[in-house]
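Following: one structure in structure tokens, then a few remarks.
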Amino acid sequence: MLDIFLAALVFMGAVPLIAGCFQFGLAGLHCFRRRSQVQGDIYPRVAVVIPAWNEAAVIPRTLDQLARLEYPRDRLRIYVVDDASTDETPERIQAKAAQYPGLVFHLRRERGGEGKAQTINHGLRRIRAEGWYEAVLVIDADVIFTAGSLRRMARHLADPAVGAATGYIKEGSRPANFMNRFIAYEYITAQAAARRAQNLLGVQACLAGGAQLIRRESLVAAGGEIDTSTLAEDTVTTFRIQLAGKRVVFEPYATVWAEEPRGVDALWKQRLRWARGNVQVTRMFRHVWFRPWRPGNLGRLSFALIWFSVLLMPVFLVSASAGLITLFLTDRVFAEHVFRGLWASNVVAYLFITLSGFSIDLRTARMCWREGLAFPGLVSLLVMLYTILPGPFVSDGSSLLRDLGIHPTAQLGDALTLFAYAWLTVSMLAAMAIRRVERHRWLAWLSAPLIYVVGYGPLLCAVTATAYVKELRHAEMRWDKTEKLGAVGELS
Amino acid sequence: MSAPADLPRLPSEPELAAEAADEERAERWLLVRQVAIVLALTALVLSRVLLG
């Protein structure tokens, strides 16, 4: 009985990948989505709100690109909310306001530093007072909208059941370094695939912060302003719109390019903010989970599987490691069977998710296929290889060890076995250590190869685990702004 | 404001129709590729199970 319980603990480690397969499977069925989602082109009057704090390097290009949108000029207004910037942001915005009169407006907050949500709300109060808008588009200061992106998002608002639409944010830094390529692949999975799946389920977890097109009535129904009590204001808006009875949809062909972090530490800060926000949202909407009768499909089991498979991923991984190590101490043979069963399912899920990811966005895959393959890390790939080919793996490994002058003993075998059993948890600790390595003056160069060894996935899990700790400690909510240098290349 | 010649041209009805057709075709191809991946993986798993 204890063995069965421990095996169940171990197989919890497969839940995130099963949820991943579920989403990728649904993504392939996206061609059967509700036809009412695409209704032909309409052009509601859109007020674009751009929060900007020290964005001099990126804001001119963002505005130029918005001015080139395939959208009627008389139905578009762009409000840049300058959050008391201390660089040349105000001058750059004013220059663009002069270049595009009637299109670009500069709103200045003299007292800034209250966070992105407060900055957006400053802009929303202004556009509500004007009353001109039919929809609001909230974007980041660094994102580059492709010409047809807003038009493609706006067409969904022709359906009165749709309250908001979002686009496909893609990593656009050029030249792309290792981290940019990992993020590019991650966005295939987290956006192109997951959001297609969520379109089919009739529920979206989050409007991408860089591209949120919200119908006026839905914004009002969601409280008229952006939530300032959490670090995930975009997710709160998304939930509120859906709980108010409107659909939120993802438009995969509305491409929006963004500049993402180039290093482990910068990624850590950004993702810790997102992960803490997700923990806060989970708590804030605790009356919604597992209640399928709630509006907006947020309470459905399928959505809970998607949401909690990400949120609880560290728990699942620790559970798997703990179960395997306990089994190793009680029944080694059974432990080996369970271990190989877990990793065999991981192999199949990994192949399905990776190949499907590549097939969803072939263009991005050409750039980041190595990072897609290395997403779980080379150590995990070796464990997968052992699972598929245990015989050759052991004999070749033993030969290699002998060549290195190490005699494979039973103790060494036990140590390697325990390492493999504990790896799902150890990988998170190793990912945390890479962040420290990157901060070290002489060792920083090692952080890139180490990410390939340990894995980008474990890095994200480590961030989520840290988010739990921060929330339990009621740590201060900080807006660690991701520095943007204007690295988005010439993209279409 | 920029000169009118700089204003973005809105796509015509036929262009929009062609764009919608392209998007639908891309989504159908996505399904085809997914099915191919599922079949290939199923064959791989079955061969592994049946052939040991």
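The table for this structure:
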item: Crossing angle, helix A:390-403 versus chain A [Cα axis fit, 0-90 degrees, rounded to tens]; result: 80 degrees
item: Pairwise label distance in nanometres, A:Ala410 with A:Ala448, each label 7 Å out on the Cα-Cβ vector; result: 4.6 nm
item: Between region A:351-402 and region B:7-52, the Cα center-to-center distance that results, in Å; result: 24 Å
item: Excluding exposed DSSP-loop trypsin sites (Lys or Arg not before Pro) (at most 10 other C-beta within 10 Å), longest clean stretch of chain A; result: A:112-285
item: Over 21 Å between alpha carbons, listed pairs A:Lys116/A:Lys484; A:Lys96/A:Lys484; A:Lys170/A:Lys246; result: A:Lys170/A:Lys246
item: 5 angstrom amide H check on A:Ile78, placed H, neighbours 5+ away; result: A:Val48, A:Val104, A:Phe105
item: Cross-link partners of A:Lys470 among lysines (Cα-Cα below 16 Å; sequence separation of 8 or more within a chain); result: A:Lys269
item: Where labels lie 7 Å past Cα in the beta-carbon direction, separation of B:Val49 and A:Arg402 in nm; result: 3.7 nm
item: Kirkwood Rh (inverse of mean 1/r, distinct Cα pairs), the protein assembly as shown, angstrom; result: 24.8 Å
item: Beta bridge orientation in the protein assembly as shown: antiparallel %, DSSP, nearest 5; result: 30 percent
item: Sites A:Leu485 and A:Met1 - FRET efficiency at Förster radius 60 Å, r taken between beta-carbons, to 0.05; result: 0.55
item: Stretch gain in nm, segment A:Val469-A:Ile388, where the contour uses 0.36 nm per residue and the Cα spacing is subtracted; result: 25.5 nm
item: Shielding by other protein chains, B:22-30, mean Cβ within 10 Å; result: 5
item: Sites matching GluC sites (Glu not before Pro) across region A:82-180 that sit in DSSP coil, with at most 13 neighbouring C-beta atoms within 10 Å; result: A:Glu110
item: Relative contact order for chain A, counting Cα pairs under 8 Å that sit 6 or more residues apart, in percent; result: 20 percent
item: Footprinting exposure proxy for A:Tyr468, A:Tyr133 (fewest neighbouring C-beta atoms within 10 Å first); result: A:Tyr468, A:Tyr133
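Since every read-out is calculated from the coordinates, none of them should be taken as a lab result. The structure presented is a predicted model; accordingly, all values stated were derived computationally and were not measured. Neighbour counts run over all protein chains shown; Cβ positions are idealised from the backbone, glycine included.
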